[in-house]
Structure formats: C-alpha cells, structure tokens
Amino acid sequence: MAKIGSTPSVYQTVIQQFNRAADRMKLDPTIRKILSVPMNEVRVNFPVKMDNGQIEIFTGYRVQHNNVLGPFKGGLRYHPAVDIDEVRALATWMTWKSAILDIPFGGAKGGIQCDPTLYSESEIERITRRFTFALGNNIGPEYDIPGPDVNTNAQTMAWILDTYLATLPPQMRHQSIHVVTGKPVEAGGSVGRNKATGQGVVYCIERWAQDRSFDLTSATYFMQGFGNVGSAAARLMKPFGSTLVAVEDHTGAIANADGIDAVELTAYVAKHGGIKGFSAAAAIDHKTFMSTQADIFIPAALENQLTAETAPWLSAQVKLIAEGANGPTDLNGDRIISEKGIDILPDILCNSGGVTVSYFEWLQNKRAESWELDVVDSQLRKKILGGYDRVQGVADELQVDWRTAAYIVALRRLARVYKHRGIFP
C-alpha cells in the first residue's frame with residue numbers, strides 16, 4: 001500500500017478500493033481471487049508506415065478483466081501514458097460499471113501508447129487499422145467489443161469496424177457490425193452516444209440535488225477536462241440554470257465568476273483544440289483552479305487528479321464531486337474529501353452512461369433496429385437511476401461511503417453469478 005502523501009498507481013488504487021469493499025462485505029475468498037486479476041492480457045507490437053515512408057513500431061494493449069456477465073466491453077484510448085497498469089485498472093472498472101447498472105457485459109479496455117497530436121489523420125487511420133488487424137480474434141461482436149475513449153472517436157470506431165469486417169467472409173459481415181460501439185450513426189451507431197457519459201453524470205447530479213433539496217438553478221460548478229464528457233455535461237447542466245465558473249484542460253485553466261457559456265466554449269475548443277485563449281474568461285493556474293469557490297466539482301479528465309496534494313485545495317463551499325473521469329480520486333484524496341464532508345458520486349456509477357448507451361447500440365445492431373433519441377435517453381435515465389438507487393441502498397444498509405457501496409453492489413452481483421454457475425472443472 002502506498003504511504004500517506006504518495007500517489008499510488010492507478011491499478012494500485014483499483015485493488016485497494018476492491019479490497020476495502022471485499023473486506024467490508026466479507027466476499028467469498030474464491031470469488032475474491034478470481035476478480036482480483038484480469039482473465040486475459042494482450043500486448044501487440046506492430047509496424048506502421050508513416051507519411052514520409054518511414055516505419056514506426058507501436059505498442060497496443062487489450063486487457064480483458066472478466067466476462068461472467070457477458071462479452072468483454074471497453075474503450076480504446078490513444079495517449080502517451082497508456083501502459084499495462086493503466087489498462088488493467090480501466091478494464092477492472094468496466095466490470096464493476098456493468099454489474100452496477102445490470103448490463104450483460106464484462107469489463108475490458110485497451111489502447112495504444114502514442115501521442116495522436118504528432119500524427120496526421122491518414123497516419124492515425126493506418127495506426128488504427130493495423131492495431132485492429134494485430135488484435136485479430138481477440139475482439140469480436142459476441143466476445144470483446146471496443147468503443148471510443150480518450151483521443152478516439154466515432155471515426156476511429158468506423159476504421160476498426162471496416163478493418164475487422166474485411167477479415168470476415170462476406171456473408172458474415174452485416175451480422176457483425178456490433179463488433180464496436182460508438183460508431184457514426186450512419187455506420188450503425190446510436191443517437192445519443194456522443195453525449196451519453198456526460199448525460200449520465202448530469203442524471204446523477206440531478207438525482208443527488210433532489211435527494212438533498214439542493215437548488216441547481218442557483219448552483220455553481222467547475223469542470224476539469226473539456227473533451228467529449230466534460231463539454232457534454234456542461235452543455236446539459238445549462239438548462240438547469242447552474243453556472244460554470246472555471247474550466248481546466250490540457251492547455252490550461254480559465255475562470256469567470258459571472259459564468260462561462262458551455263456552448264460557446266465547446267465551439268471554441270472544437271476550433272482551437274483547447275480552452276487556452278478563450279476570451280470570455282481569465283487564465284488561472286492549477287492551484288487556483290482546484291481552489292475554486294463553487295458548489296460542485298466535475299473531474300472529467302484523467303486519473304489521479306484528487307490526491308493528498310490536491311484534495312486539500314478544494315474550497316469549503318464544495319458540496320459534491322461528480323466523477324466524470326475514470327479514477328480521478330486516489331485513496332488519499334478520498335480520505336481528505338471525506339474529512340471535508342464532501343459527497344462523492346463515484347466514477348463507476350457516475351460516468352457509466354457511455355457503456356450503457358454502448359449496450360443500447362449493440363442491441364440495436366443485433367436486432368437491426370434504430371431507436372429514437374427519446375427512447376435512448378429514457379432508457380439511459382432508467383439504468384443510471386437504477387444503479388444510483390442500488391448504491392444508495394447499500395450505503396444506507398452498511399453505513400459505508402458511496403464508493404465502497406458501489407463496489408459492493410458490483411461484487412454482490414458477480415458473486416451471485418459465480419455461486420450459481422460454479423467454477424470449472
């Protein structure tokens with residue numbers, strides 16, 4: 001275990017959270033052993049020809065944590081920090097998310113260690129297609145279904161789909177388009193998928209506010225990360241009347257106590273690649289951002305942002321942290337946030353809207369259906385709030401924090417399945 005004041009690795013955080021919940025619920029030792037390690041780990045090194053004719057070697061990963069509930073499911077990210085430790089953690093979290101929301105998927109995750117900003121679009125396409133080919137039978141529509149994640153999007157999924165289908169006999173191709181989710185709508189994707197994770201975050205915040213008679217119309221909030229998740233959540237918070245007062249991303253941090261328009265900032269980021277230079281807000285440093293006077297904090301960037309160093313910076317005004325990112329808070333951060341009396345909506349509940357609508361897309365493809373947006377949104381709301389109620393129920397039953405409660409909800413469901421199925425042989 002990491003010493004107080006140090007930052008554990010992402011996977012260490014996952015295991016520590018898992019052990020804390022397993023201890024509290026007295027999880028069966030056999031089930032505990034099974035769930036404490038991934039089932040499969042795939043690493044591929046593959047060559048790609050660059051635009052200048054040179055060959056570069058890339059390293060890609062696919063970790064499949066558990067599939068007792070259904071096919072492996074999880075995104076692919078392209079980022080310089082991608083390594084086996086991070087991918088293990090993300091795959092494990094995917095298992096818990098599906099179990100909490102009662103979705104028939106297991107957990108997986110993957111990625112390529114690279115900085116996509118250094119490559120042209122054509123190079124990214126060749127990297128993606130070659131990675132897909134290298135993975136081979138490690139993915140499949142009824143086995144392991146990738147989706148978008150950090151620095152990947154609907155276009156990335158379309159390239160994976162096309163490459164994967166090209167490896168199949170012609171008569172099998174149309175029945176296999178659910179090999180990936182998060183596709184463009186024209187290529188079999190689902191309406192509502194792009195905003196799904198942010199939508200789930202807002203559904204959770206809305207329910208939290210109702211439970212505590214907290215008025216969102218007068219609420220202030222700040223956001224870390226303004227990519228797909230953060231920007232969607234900010235736009236969806238706007239109709240409630242809540243005021244966005246500060247934003248941070250990889251290009252810097254900005255603040256405006258009178259409010260930052262989420263729609264205008266989204267358009268600016270789409271054009272300039274980040275929030276830096278947005279004229280309707282002033283530039284601030286990281287510590288000032290983390291010390292923002294606001295009611296709600298939505299971390300929607302990368303892992304380990306709330307730690308023993310940064311969590312003390314949170315102002316006394318903060319009442320809620322709604323985790324739009326995966327693993328933004330380590331155990332030291334959790335401890336400090338608890339001491340401050342701040343509520344947390346944990347990532348494995350709060351940001352599970354993406355995998356939920358991915359499941360809806362997968363179902364639509366299998367059934368040759370196309371759902372309307374109101375159907376997708378209503379079904380997403382039902383799933384998210386069902387998970388919210390289950391986590392709240394366990395938190396009240398066992399008098400534990402919400403993160404531990406979320407883990408216990410997931411572990412109880414997985415344990416029940418293993419109890420009925422048994423262990424082969």
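FYI, it's all coordinate maths here, none of it is from the lab. Here the structure is a predicted model, which is why all the values come from computation and not from measurement. No Cβ is skipped: glycine too gets one built from the backbone with ideal geometry, and neighbour counts run over all protein chains shown.
Observations
- Amide proton proximity set for Ala253, modelled H, under 5 Å, gap of 5+: Ile284
- Built amide H within the under 5 Å cut-off of Thr329, gap 5+: Asn304, Gln305, Leu306
- Direction-averaged projected area, Cα convex hull, region 38-173: 8.2 nm², rounded to one decimal.
- Reciprocal of mean inverse Cα separation for region 1-71 (Kirkwood radius, Å): 15.6 Å
- FRET efficiency for the pair Asp285 and Ile57, taken as 1/(1 + (r/R0)^6) with r the Cβ-Cβ distance and R0 = 56 Å, rounds to 0.90.
- Label separation (Leu165 vs Phe214): 4.5 nm, computed from points 7 Å beyond Cα along the C-beta direction.
- Under the combined filter of DSSP loop state and at most 12 neighbouring Cβ atoms within 10 Å, region 131-229 retains these trypsin sites (Lys or Arg not before Pro): Arg212.
- Within the chain, antiparallel bridges make up roughly 50 percent of the DSSP beta bridges whose residues both belong there.
- Each of Ile296, Thr152, Val394 was scored by the projection of its Cα onto the charge dipole of the chain, and the greatest displacement toward the positive side belongs to Val394; charges sit on the C-beta of Lys, Arg, Asp and Glu.
- Per-residue ellipticity at 222 nm computed for the chain from its helices equals -14000 deg cm²/dmol, with DSSP H segments shorter than 4 residues left out and the rest contributing -39,500 (n - 2.57).
- If R0 is taken as 25 Å, the Cβ-Cβ distance between Asn153 and Arg173 corresponds to a FRET efficiency of 0.65.
- Per-peptide average of other Cβ atoms within 10 Å, ordering 77-87, 270-280 highest first: 77-87, 270-280
- For region 196-350, size of Cβ-based charge dipole, Lys and Arg +1, Asp and Glu -1, in debye: 240 debye
- Per-q log10 I(q)/I(0), region 196-350, q = 0.16 Å⁻¹ (Debye; single scatterer per alpha-carbon; no solvent): -0.80
- With the cut-off at under 16 Å, measuring from each backbone N in region 94-131 to a point 7 Å along the Cα-to-Cβ line of Asp389 picks out 100-103.
- Charge dipole magnitude, Cβ of K and R +1, D and E -1 - the chain, Cα centre, debye nearest 20: 1340 debye
- Cα-based Kirkwood hydrodynamic radius, region 283-374, one decimal, Å: 14.8 Å
- Near the amide H of Thr220, within less than 5 Å, lie the amide hydrogens of Thr243, Asp295, Ile296, all on another chain or at least 5 residues away, with H placed in the peptide plane.
- For Lys276, the lysines whose Cα falls under 27 Å of its own Cα, not counting residues fewer than eight places away in the same chain, are Lys195, Lys238, Lys287.
- Peptides ranked, highest mean first, by Cβ atoms within 10 Å: ranges 11-21, 44-54: 11-21, 44-54
- Each peptide in 158-165, 175-182 gets a packing score, the mean of other Cβ atoms within 10 Å over its residues, and the list from highest to lowest is 175-182, 158-165.
- Here the 3J(HN,Hα) profile of region 220-229, calculated from phi with Karplus coefficients 6.51, -1.76 and 1.60 at θ = phi - 60°, is 10, 8, 10, 10, 9, x, 9, x, 4, 5 Hz, Gly and Pro shown as x.
- If R0 is 22 Å, the Cβ-Cβ spacing of Glu142 and Ser370 corresponds to a FRET efficiency of close to 0.60.
- In a simple Cβ point-charge model (Lys, Arg +1; Asp, Glu -1; nothing else charged), region 38-173 has a dipole of about 280 debye relative to its Cα centre.
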